[in-house]
Each structure stands twice: as structure tokens, then as C-alpha cells.
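To start, the structure under review is shown below, and the notes come after it.
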Amino acid sequence: MKKNKFSLSAFLDDPRGRAALALLIAVFTWTLVTTVINPGTTQTYSGVPVDYSYGTSDYTSQGLDIVKKPDYKVRVTCTGNGSVLGGLDAADFIVYPDYSVVTGSGEVTLPLKVRMADGSLENQVKVELTDGQSSTVDVILDKVVERTFTVTTDVSDLKPASGYVLNSVSCSPSEVTIQGPETELNQISKVTAPVTMDSELSDSAVVQVDLEYTDQEGNPIQLEYAESSADRASVSFSVYQLANLPLTVDFLNAPPGFDVSKLPYTLSQQTLTVAGPSRQISTMTSLSVGYFDLSTFKLDKDWPMSIELPENIVSQENVTAVTLSFDSSNLARKVLNVSRDNIRVINLPANYQLEPENTRINNVTLIGPKDEIAGLSASNVVAQIDAQDIQVSVGKQNLTVQIYVPAASGVFAVGSYTVECNITSR
């Protein structure tokens, strides 16, 4: 078989051959121009951001930090091999401030520098900021500190309704941590949570308020660079209802059927203004100042009484104690011996039997109205043992007795009395 031989003349005579050759020549010419003939190609790249994180040791070593920096973008001009420039974009350049001029805190103008992100290109291209734009940037540097401030609630504008009082106020958070420039934090004297409401208050509430920052003169401060751990606070306040209640005394060790009205007493203060939750205080008609033990009574003696308020009830007066006085002008004292026959036991289980060992209880002291005491004899006095108040067991026990006079509702015993008893099982 005869082989076909390449013929240049035939190739050039063919229109397709001539077109391919022309394209090859064009490519070669372009490559030659951009890489050899014209290696000093210049190209501008826009939107290159200033990188503030580059070379920061020049100011951080002084204990400083940038507290204000503009969001600044520049154009850079790059000269070099055209084939290299064609593959670059804004991300291939680093524009950064020259922090070597920083000598302390305050506002400072820093010159800008530019370099290639890829260090291997430094010898292939020349890069610089484009003429006609600012080659500096203004920043503010300061010592960054952190301080904690107590949040003070301001409820001076709150107005309780008539018959109500603002009882307590709490704030969350109770303190805030502020971080920022030392010069700015030095201005802050107080952090306040101010509460304002248009209507008068008769109910407790929780409100959200913006925190306010003020200097020593009370002038407001707007935090320009500093940041607070909280900008708002939740303020809770309770509103209590007021009441003026008469004071009373509760008596301990009063005998069965005792008539307190026959023991006239007075308190150094008759009423007390208190406040409490509406649902609680609206049901109260009086206020007991505590308990008085009748067994400790003495004629012509006054007794200090600490005021014991119920839970959630708070006094609106600066009074914590009152004096209890008895009118002894119509009272008399009598001492009797109570016989064994007048010692009685109640609430004893049926399978037990109790017998007093004593033949009598000596020197029982009784107090009461003169007309009731005058005709009183030992036969009128009962010494009662309540088995519910003891641990009943077989054997001898020394048991407390309660003294009372069934026929005299105004008479009571002072002191304490016991009887030795023998308990047996049936």
C-alpha cells in the first residue's frame, strides 16, 4: 500500500490548515508579549480590607488593645508578570496598619502597608497602595479592663395606691460585669435599673427595664466602646396592703374555763400598723404580741413583750416590743394546801390505774379577783392530771398537775406543782 506524504503546500492551500496556523501564531505571539516582551504589566485590585490582626504585638506588649477601628477597604496596584497578575484577586493581598508608631493609649493615625499573602510572589510582583487614596487609618487604643458593678434599683417614681405600701424590691441580675477601655470605665460611678409605671400600684409585679449608667454627678453615660454582661434587668416588687390592728396577748397555763376579762391588762401600745399580702391581711382582725405564762404572774409587776409578727406580716412602725401591765388593784393572793381527795386524773387508758402517793399538795398560790379569793377554801381547788400529756407506764412517776377552781372563773394558780403517783395495770 502506498503511504500518504505530508505536503506543506497542500496544507497551506487548504483553508482549514491556514486557519489553524493563524491561531497557533496568535497564541504564541500573545504569550510572548505578556511573559517576555511586556513583563511590567500593571493591574489594580479593589475592595482589599485592612487586616488589623497583623503585627499586633507592637501594641499588645504595652497592655493596649484597639477599642475603635474603621471598616476600611483600599485599592492596591500590582506590577509584574502578566501571567501572574491574571490569577490574583483581593484575597491575595494583606493591607495592615504599621503599629510600630504606637507609644500609648489614645487616638493614633497609623500608616498602612501592603504585602502579598503568598510570600513566594514577593520577588515576582511589586505591590503598593493605589495613588490618590488615603494611606493611613485612624484607630483608638486603650487599656482594656473589666469591672463589676452592683445594679441599684430606682423605684422613686412608683406610687402605691391608697392603703398599700411598696414592701420589697429585687433585681436580676443584681450586678453586671463591664469590659472596655479604662478611660470609659473610669467615668462609670453607678449602674441603675429605673422603674416607672403610669398607674398607682395595688399588686405585685415584675417588669423589664433598660440599665442606665451614670457618672459621679449623676449624668448619664452612653457606653461607646465598653460592653456590659447585661443591658436589661428584671425588677420584681411586692405591694402589701396596710392595716392598723389592735394588739392582744395570748395566755399560757390558763385553767379550764378561765375568764381573761377578769384579769384586766393593758399594753403600752394599743394598735400597730402593719402590712402584708392582701389575701392574708384582709382576714386579720387583731395581732397577738405573743404569749404570757400565767404561772409566772406577780402582783404589781410589768412585763416586756417582744412583738412576734406572723409570717409575711411586716411592721410599719419602729416598734419591736411593748410593755404588758396588769391592774392589780382588785386582785388578791391566797395560799392553800390541796388535799389528796381533790387530785383528779383524766384521759387515763382503761387498762391502767393511777393513785397519788402524796397526801396533799402544799402551798398552792392562787391569784384572782378579791371577791372570788375571799371565800375560797381548799375544798374548792382541784389538782388535775391529764394522762394525755404523759407517757403512761407501770411504776411510780412524778407528774405535773394543773390547778384550777371550777367555781371561780377568774382565779388561777402561779408556780408549778407535781404529785408523785403510782401507776398500775388493771
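Laid out as a table, the results:
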{"read-out": "CD proxy at 222 nm, helix term only [per DSSP H run n ≥ 4: -39500 (n - 2.57); per residue of the chain; nearest 500]", "value": "-2500 deg cm²/dmol"}
{"read-out": "Mean projected area in nm² (Cα convex hull; one quarter of hull surface) for segment 295-426", "value": "11.2"}
{"read-out": "Local electrostatic count, Thr266, Cβ distance below 11 Å [Lys/Arg +1, Asp/Glu -1]", "value": "-2"}
{"read-out": "Contour excess over end-to-end distance, with Cα ends at Gln133 and Arg344 and 0.36 nm allotted per residue", "value": "64.6 nm"}
{"read-out": "Derived scalar couplings ³J(HN,Hα) [segment 143-159; Karplus, 6.51 cos²θ - 1.76 cosθ + 1.60; whole Hz; x for Gly, Pro]", "value": "6, 8, 10, 10, 9, 10, 10, 6, 8, 9, 7, 10, 10, 5, 8, 6, 10"}
{"read-out": "Partners for Lys68 among aspartates and glutamates (Cα-Cα distance below 20 Å; same-chain residues under 8 apart left out)", "value": "Asp51, Asp58, Asp98, Glu107, Asp138, Asp142, Glu146, Glu182, Glu184, Glu224, Glu227"}
{"read-out": "14 Å Cα-Cα reach of Lys370 towards aspartates and glutamates, excluding residues that sit fewer than 8 places from it in its own chain", "value": "Asp327"}
{"read-out": "Tilt relative to the chain, helix 15-32 - C-alpha long axis, 0 to 90 degrees, to 10", "value": "60"}
{"read-out": "Relative contact order computed over the chain (Cα-Cα under 8 Å; 6+ residues apart), in percent", "value": "10"}
{"read-out": "Under-5 Å amide H pairs with Lys159, H placed in peptide plane, nonlocal only", "value": "Leu201"}
{"read-out": "Share of carbon and sulfur in the accessible heavy-atom surface of the chain [1.4 Å probe, %]", "value": "47"}
{"read-out": "Under 5 Å, built H, 5+ apart or other chain: amide partners of Asp51", "value": "Val95, Tyr96"}
{"read-out": "Cα Rg, Dmax (largest Cα-Cα span) when computed across segment 161-278, Å", "value": "24.6, 78"}
{"read-out": "Estimated inter-spin distance, Ala205 and Gln269, nm [label 7 Å along Cα→Cβ]", "value": "3.2"}
{"read-out": "Quotient of Cα Rg and 2.2 N^0.38 Å for segment 131-229, N being how many residues it contains", "value": "1.54"}
{"read-out": "Radius, Kirkwood style, for segment 51-207 when every pair of distinct Cα atoms is counted (Å)", "value": "20.7"}
{"read-out": "Largest-first ordering by accessible area, 1.4 Å probe, given options Arg232, Arg279", "value": "Arg279, Arg232"}
{"read-out": "Integer Hz, Karplus 6.51/-1.76/1.60 couplings in order for segment 398-405, x for Gly and Pro", "value": "8, 10, 6, 10, 9, 9, 8, 10"}
{"read-out": "Neighbourhood net charge (12 Å Cβ-Cβ; Lys/Arg +1, Asp/Glu -1) for Ala233", "value": "-4"}
{"read-out": "Of Lys262/Lys301; Lys69/Lys126; Lys69/Lys190, pairs whose Cα-Cα distance is over 22 Å", "value": "Lys69/Lys126; Lys69/Lys190"}
{"read-out": "Spherically averaged projected area of the chain from its Cα convex hull (nm²)", "value": "56.9"}
{"read-out": "Magnitude of the charge dipole, the chain, Cβ model with Lys/Arg +1 and Asp/Glu -1, debye to 20", "value": "1500"}
{"read-out": "In sequence order, calculated HN-Hα J values of segment 311-325 (Karplus, 6.51, -1.76, 1.60; Hz; x Gly/Pro)", "value": "4, 6, 9, 10, 6, 9, 10, 7, 10, 10, 8, 10, 9, 9, 10"}
{"read-out": "Per residue accessible area in Å² of segment 166-219, where ligands, DNA and RNA are left out and the probe is 1.4 Å", "value": "57"}
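The values are calculated or read from the model by the stated rules, or taken from the named source; none is laboratory data. Quantities reported herein were computed from a predicted structural model and do not represent experimental measurements. Glycine also receives a Cβ, built like all others from the backbone with ideal geometry; neighbour counts cover every protein chain displayed. Heavy atoms of the whole protein, side chains included, go into the accessibility calculation; ligands, DNA and RNA do not. Shrake-Rupley method; radii C 1.70, N 1.55, O 1.52, S 1.80 Å.
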